[in-house]
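A short reminder: the numbers here are calculations on the coordinates, not readings from a lab. Nothing here was measured: the structure is a model prediction, and the numbers come from that model. Because the Cβ atoms are built from the backbone with ideal geometry, glycine has one as well, and the counts that use them run over all protein chains shown.
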Amino acid sequence: MASDIWYGTSGPRSARIVVVGESWGWEEQQARAPFVGQSGQELRRMIAEAGLDPDECFYTNVVPERPDGNEMWRFFSPTKGAVAPFVRGLYPLPNVVEGLRCLHEQLRAIKPLVVVACGNYALWALTNCTSWSTPAEAEGRRVPSGIMQWRGSQWYCDAVPDLATLPLVPLIHPAAILRAWYNRAVTVHDLRERVCKQGLARDWRGPKPQVHAPPTFEHARSTLIHWINSCNNGNKLRLMNDIETARGLMTCIGFADSPQFAMSIPFIRTGYGQPFESYWTYEEEKTLVKLIRTLLSHPNCLVEGQNYLYDIQYIQKFLGCTPQHAFDSMLAHHLLFPGTPKGLDYLSSLYCKYHWYWKEDHKEWDMRGSIEQLLQYNALDCLKNFEINTVLKDLIPKLGQEAQWAEEMEKNSLALEMMNRGIRIDTGERGMFLMNLCAEADSMAFWFNRILPQEFVSPDAGKGVAAWWQSPHQQRRFFGTDLGFNLPTNRKTDRKTFNGEALTQLGDRHPEFIRLFEALELFRSIRVFTNTFVRAELDDAPGGSRMRCMFNTAGTETFRWSSSENAFGRGTNLQNIPKGEED
């Protein structure tokens, strides 16, 4: 690579926008210029569609070279025995280190208004946002990740100290868009809103909202009383609500009455790896819980949330009330744009004026970090969701979906009623069924071991490993490697597989083994049916045990409901119960 910092770049050096790619493809290698191939042409079309002039942008790469097989990870050292420098989790080779130096010098010289980082490696080169993994195909190298979470964020080049205030927008790489065309629309949105309307306008962060996380007891009490009094005076209070959970307990509850005010009330005081302790005194907690119950169940308090049926399960169990559920961002977005992601971070990137990725979207807090950090996240969830719902409420009538929306909320209420009622289970009959299934599985295990002993299939026999008929990994190794069968390829992972579909195909190819393959498929079905349905955890209830599941009315893009375990790990997926065979 030439030492000239402008080698392999194109575009005006007075550009207001710098677009950073990862490395060259074949066309770029021939032209010694970035973004000239098929993906680069698509990028230019998207830039123009977003209202920008692609010829006024400056284009560059992390490395102005083409890696073997167009695989960027080849420009990095394997983790084991690496002698390369350690840079934000990766071990770049000298050409990458030099490429980083040139890239940073280019940005210092151009002084753009905004940088567009295309793909994971560009994001890694300029920010502290990426995480990493070591996929099998990377031959021991670490590969950065995070672009799908961070895309569309209003961020900064915070990995370079003297560029840390330079605005940056992470963008899905155009080559990835050619492979997954459904990401194109959201990428044009990111270019139009974040780069064109905000980056060039220097409109990067809005006014800082008022957040009490944690509040003092008196402030929490007085704020709750203020909201209750407003409802008592006949006012309709629009209130965003969100909870965080850990170890099956509600750790905090957050509220927002506008995009500019949020409060997160903690219930526990703890650190990572420590037992939970109550945040408040007994009298303080009793007072706050009573006020929260009164507020959430008030007929004039219109409670909004995101995937709020999950939260309601905890609120019913620990607070003893059912909120007046008036609006749900996940349901509304699903109604308007079925088949697209529904996570709060994704919705924020579409509907919030100022967006940046702020946290992993987990149902359960992993208890890393402080309780104060958790409360800040909880409050930000509420603030973001308030703004999201404001936009969605405006979109529903604009798109003529009022009647459909009313029906969706009715279905959501029905789902909650079904979740609370549950399904009565005859535990005696279930126990007999379980005994019969276990006896059949034991009989089949005896047959498997008789025709193909464990020690013949696996050299690890007797070392605590699972029996080969219980281990798809051992089956894949034995039939694929030891016997040399050409195993089918999984359509999703593009790797050799020994799943149920593969068993059917192998039975057709090797009819002499068809009885064995059919038996393996039946054995797997018995195990799945036993573990998923027959052993599903039940709730004790008046009149007998009941199976209570979670029903998600926005679970599929076809609007068919999905079901799963409930918030407390009880129940199961009831939508695909095997019907068995008629005698």
#### Entry: Fewest-first ranking of Asp190, Asp426, Asp203, using other Cβ atoms within 10 Å as the exposure measure
Asp426, Asp203, Asp190
### Query
In debye, nearest 20: dipole of segment 99-204 around its Cα centre with unit charges on the Cβ of K, R (+) and D, E (-)?
200 debye
#### Entry: Qualifying chymotrypsin sites (Phe, Trp or Tyr not before Pro) in segment 63-118, DSSP loop, other Cβ atoms within 10 Å at most 12
Phe86
### Query
What is the local net charge at Thr497, summed over the other residues whose Cβ is closer than 12 Å to its Cβ (Lys, Arg +1; Asp, Glu -1)?
+3
#### Entry: Neighbourhood net charge (13 Å Cβ-Cβ; Lys/Arg +1, Asp/Glu -1) for Ser77
+3
### Query
Around Ala246, which amide H atoms from residues at least 5 apart in sequence, or from another chain, sit under 5 Å from its own amide H, with H modelled in the peptide plane?
Thr251, Trp365
#### Entry: Proximal charge balance of Leu516 [Cβ under 14 Å; K/R count +1, D/E count -1]
0
### Message
Using the crude model of +1 on Lys and Arg Cβ and -1 on Asp and Glu Cβ, and no other charge, please compute the dipole size for segment 509-562 relative to its Cα centre, in debye to 20.
### Response
60 debye
### Query
Excluding the sites themselves, what is the longest stretch of the chain that contains no GluC sites (Glu not before Pro) in a DSSP loop with at most 12 other C-beta atoms within 10 Å?
140-359
### Query
Which FRET efficiency value, to the nearest 0.05, do you get for Asp53 and Leu178 by plugging their Cβ-Cβ distance into 1/(1 + (r/R0)^6) with R0 = 22 Å?
0.45
### Message
With +1 assigned to the C-beta of every Lys and Arg and -1 to the C-beta of every Asp and Glu, and no other charges, what is the dipole magnitude of the chain about the Cα centre in debye, to the nearest 20?
### Response
700 debye
### Query
Quick one: of the DSSP bridges fully inside segment 29-183, what percent are antiparallel, nearest 5?
65 percent
#### Entry: Convex hull volume of segment 17-199 per residue (C-alpha atoms, cubic angstrom)
107 Å³
### Query
From the residues Gly544, Ile147, Trp124, which one has its Cα farthest along the dipole of the chain in the positive direction, the dipole being from +1 and -1 charges on Cβ of Lys/Arg and Asp/Glu about the Cα centre?
Trp124
### Rounded to whole Hz, the Karplus (6.51, -1.76, 1.60) HN-Hα couplings of segment 65-81, x for glycine and proline
8, 9, x, 4, x, 6, 9, 4, 5, 5, 8, 10, 7, x, 5, 5, x
### Task
Run the numbers on segment 17-199 and let me know its relative contact order in percent, using alpha-carbon pairs under 8 Å that are six or more apart.
24 percent
### Query
What percent do you get for the relative contact order of segment 210-420 when only Cα pairs under 8 Å and 6+ apart count?
27 percent
### Query
Mind listing the phi-derived Karplus ³J(HN,Hα) values for segment 550-558, rounded to whole Hz, using 6.51, -1.76 and 1.60 with θ = phi - 60°, and x for any glycine or proline?
9, 10, 10, 6, 10, x, 9, 6, 8
### Task
Find, among the trypsin sites (Lys or Arg not before Pro) in segment 417-513, those assigned to loop by DSSP (not H, G, I, E, B) with at most 14 other beta-carbon atoms within 10 angstrom.
Lys463, Arg491, Lys492, Arg495
### Message
At a 10 Å Cβ-Cβ cut-off, how would you order Val114, Val62, Val528, Val289, fewest neighbours first?
### Response
Val528, Val289, Val114, Val62
### Query
Of all DSSP beta bridges located in the chain, what percent are antiparallel, nearest 5?
55 percent
### Query
Any idea how far the Cα center of segment 221-261 sits from the one of segment 153-190, in Å?
35 Å
### Message
Projecting each Cα onto the charge dipole of the chain (Lys/Arg +1, Asp/Glu -1 at the beta carbon, about the Cα centre), which of Ile292, Ala466, Thr481 comes out farthest on the positive side?
### Response
Ile292
### Task
Neighbouring Cβ atoms within 10 Å as the yardstick, rank Arg247, Arg88 fewest first.
Arg247, Arg88
### Message
Tell me the label only: which of (1) 79, 79, 50; (2) 118, 51, 48; (3) 87, 67, 49 is Cα extents along the principal axes in Å as calculated from this structure?
### Response
(1)
### Query
In segment 191-340, what % of DSSP beta bridges are antiparallel (nearest 5)?
60 percent
### Query
What relative contact order, as a whole-number percentage, does the chain give when Cα pairs under 8 Å and 6 or more residues apart are counted?
9 percent
### Calculated from backbone phi, Karplus (6.51, -1.76, 1.60) coupling profile of segment 497-512 in Hz, x at Gly/Pro
9, 10, 7, x, 5, 5, 4, 5, 5, 5, x, 5, 6, 10, x, 5
### Task
Work from the charge dipole of the chain (Cβ charges, +1 for Lys and Arg, -1 for Asp and Glu, about the Cα centre) and give the residue of Ala109, Ser23, Thr60 farthest towards its positive end.
Ala109
### Summary
Lys pairs in segment 276-397 with Cα under 27 Å (8 or more apart in sequence, or on separate chains) total 22
